[in-house]
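Presented below is the structure to which this report refers.
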Amino acid sequence: MRMIDIIEKKRDGHALTEEEIEFFINGYTKGDIPDYQASSLAMAIFFQDMNQEERAAMTMAMVNSGDKIDLSQIKGVKVDKHSTGGVGDTTTLVLAPLVASLGVPVAKMSGRGLGHTGGTIDKLESVNGFNVEISEQDFIKLVNENKVAVIGQSGNLTPADKKLYALRDVTGSVNSISLIASSIMSKKIAAGADAIVLDVKTGSGAFMKTLEEAEALAHAMVSIGNNVGRNTMAIISDMSQPLGRAIGNALELKEAIETLKGQGPKDLTELVLTLGSQMVVLAQKAQSLEEARQMLEEAIQSGKALEKFKTFISHQGGDSSIVDDPDKLPHAKYQIHFQAKKDGVITKMIANEIGVASMMLGAGRQTKDDKIDLGVGIVLNKKVGDSVKEGDNILTIHSNKENVNEILDKLDESITIEEKGETPTLIHKIITE
Ligand code: URA
Ligand code: CA
């Protein structure tokens, strides 16, 4: 087999065979196929696209390019959730203990935040003592004992994807639905998921800016999953404004606790119940989404979910007394309010811009090696669709620097008040096949 023939075949719009795709992925991972040929094929795929069989073959070839986490010693259906990334997205922190409290095993591998989006591990590390650097064996043991554990990214997972994604990033072929879908799905499958729930975000803060693009990506991932024997469902949710009220590590942890107590923001709660219902159904703990939702609501009301959160924290070395006493979490020295300059309705709170403002405060990393400040961030007192009067506190900046003028300017550009406006739709679509 020759790489040049594969490139020309795709360039001319033909479907590649499984063997050809494996030849490319294996050869590229080993370094036998050079970057220029790989980038040429990625561009051909960008223009000519791939059919469902090709996408499935691409995904599995990338899964097989490196280590795979073996979760077979964990009893039950392991359902993983993936979000395509957003600002203030506190869902995993709530979902993990919530669905675990219904007996669904949650074996979650998570990452740190980079840029304007946060990472679950950073948020958890705002709890004193919480440790994600555990062995695979301990991880499996924790999930069997308590149904929920989180581990940091470890091992040599999907090296083909790492190499290809970096190459696409500098050669103009990131935005191919086929390549994005296989990239994301390969990582979930290599991390051991039997079933997958996807939260595809759309709006200014998201990777997919329009609903059409988000829908195409969601369908592509759901069909890859189902083609390779992993039950997969997706929802498309709004990321035009930050999710919930809190953005920042300890602030989001506190928000997760409130949500587990049934006192969380409406949008975050709704998203958690929607995604959670899918997880419970895929784990075969409920027959229907309606039944699953009822079980989840009951777990919140009874305090069962909150109790699970406490044991989750203490089993990984964290101080679980923060659940009853969140003031023990790291907090910032200054609280500075951003006020409405006129009466009206908020029509825009641009998610990625507010995410960048929070990063500038120190809540996120600009480069991989930056240290973050766990206590800082932004709390939205108002959201899009809310009425305001001049002088109302739209949001509160939690900062360890006294001077936040640069951040106030940035927020000023990101928030719009007009005469009329409405609350955006949170959940655009539910995709089950
Ligand atoms: N995120 C990924 O993980 N892969 C892509 O290709 C694009 C976004
Ligand atoms: Ca939030």
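The values are calculated or read from the model by the stated rules, or taken from the named source; none is laboratory data. Predicted model only: the values in this text are computed from it and were never measured. Glycine also receives a Cβ, built like all others from the backbone with ideal geometry; neighbour counts cover every protein chain displayed. Calculation scope for accessible area: heavy atoms of the full protein, side chains included, ligands and nucleic acids excluded. Shrake-Rupley method; radii C 1.70, N 1.55, O 1.52, S 1.80 Å.
Sorted by mean Cβ packing within 10 Å, highest first, what order do the peptides 51-57, 65-71 take?
Per-residue Cβ counts within 10 Å, averaged per peptide and sorted highest first, yield 51-57, 65-71.
I'd like to check one number: the per residue accessible area of the stretch 221-326, probe 1.4 Å, reported in Å² as a whole number.
It amounts to 36 Å² per residue over the stretch 221-326.
Of the peptides 340-350, 420-430, 98-108, how do they stack up when ordered by the mean number of other Cβ atoms within 10 Å, highest first?
Per-residue Cβ counts within 10 Å, averaged per peptide and sorted highest first, yield 98-108, 340-350, 420-430.
Only Lys, Arg, Asp and Glu count, each charged at its Cβ (+1, +1, -1, -1), so figure out the dipole size of the stretch 1-47 about its Cα centre, rounded to 20 debye.
Value, rounded to 20: 140 debye.
Considering the convex hull of the alpha carbon atoms of the chain, report its projected area averaged over all viewing directions, in nm², one decimal.
Details: hull surface 81.7 nm².
The orientation-averaged projected area of the Cα hull of the chain comes to 20.4 nm².
So if each residue of separation counts as 0.36 nm, and I subtract the Cα-Cα distance between K209 and F47, what length gain in nm does that give?
Difference between extended and current length: 56.4 nm.
Below 8 Å, C-alpha to C-alpha, sequence gap of six or more: please give me the relative contact order for the stretch 252-293 in percent.
Over the stretch 252-293, the number comes to 26 percent.
Indicate the gyration tensor shape class of the stretch 329-416 (rounded, prolate or oblate), computed on the Cα atoms with a ≥ b ≥ c the square roots of the eigenvalues: a/c under 1.5 is rounded; otherwise a/b larger than b/c is prolate and the rest oblate.
prolate
Find the relative contact order for the chain and round it to a whole percent, using C-alpha pairs within less than 8 Å whose residues are 6+ positions apart. Display every interim value, and only then the final one.
Values: 929 pairs, mean separation 86.0, N = 433.
About 20 percent, as a whole number.
Sort 161-172, 376-387, 228-239 for me by packing, meaning the mean count of neighbouring Cβ atoms within 10 Å per residue, highest on top.
Top of the packing list down: 228-239, 376-387, 161-172.
Positive end of the charge dipole of the stretch 114-204 (Lys, Arg +1 and Asp, Glu -1 on Cβ, about the Cα centre): tell me which of S126, V148, G172 has its Cα farthest that way.
Going by the Cα projections, it comes out as G172.
Modelled label-to-label distance, N156 and E133, 7 Å Cα→beta-carbon offset: nm?
It is 2.1 nm.
What is the distance in Å between the Cα centres of the stretch 361-433 and the stretch 188-240?
25
Quick one: grab Rg to one decimal and Dmax as a whole number for the stretch 159-248, Cα atoms only, in Å.
Radius of gyration, then largest Cα-Cα span, for the stretch 159-248: 13.8, 38 Å.
Shape call for the stretch 77-323 from the C-alpha gyration tensor, a ≥ b ≥ c root eigenvalues: rounded (a/c under 1.5), prolate (a/b greater than b/c) or oblate?
rounded
If I compute solvent accessible area with a 1.4 Å probe over the protein chains, what percent of it on the chain is carbon and sulfur?
The value for the chain is 46 percent carbon and sulfur by accessible area.
Rounded to the nearest 20 Debye, what is the dipole magnitude of the stretch 329-416 about its Cα centre when Lys and Arg each give +1 and Asp and Glu each give -1 at the C-beta?
The calculation lands at about 180 debye.
When the Cα centres of the stretch 29-53 and the stretch 97-122 are compared, how far apart do they sit, in Å?
Between the Cα centres of the stretch 29-53 and the stretch 97-122 lies a distance of 32 Å.
Once both labels are modelled 7 Å past Cα along the beta-carbon direction, what's the D32-N175 spacing in nm?
3.5
Once you have the Cα-Cα distance between D392 and T367, take 0.36 nm times their residue separation minus that, and quote the gain in nm to one decimal.
Extra length available between D392 and T367 comes to 5.5 nm.
Once the other residues with Cβ under 10 Å from the Cβ of Q153 are scored (Lys, Arg +1; Asp, Glu -1), what is the net sum?
+2
Positive end of the charge dipole of the chain (Lys, Arg +1 and Asp, Glu -1 on Cβ, about the Cα centre): tell me which of V384, M50, L289 has its Cα farthest that way.
L289
Which value, in Å², gives the accessible area per residue of the stretch 1-47 when a 1.4 Å probe is used on the protein heavy atoms?
55
Quick one: putting +1 on the C-beta of Lys and Arg, -1 on the C-beta of Asp and Glu, what dipole do you get for the chain around its Cα centre, in Debye to the nearest 20?
Around 520 debye, computed over the chain.
Given R₀ = 41 Å, FRET efficiency for Q73-K266 by Cβ-Cβ distance, to 0.05?
0.55
Could you point to the residue in G375, H315, I184 farthest towards the positive end of the chain's charge dipole, with +1 and -1 charges on the Cβ of Lys/Arg and Asp/Glu respectively?
Final value for the positive-end residue is H315.
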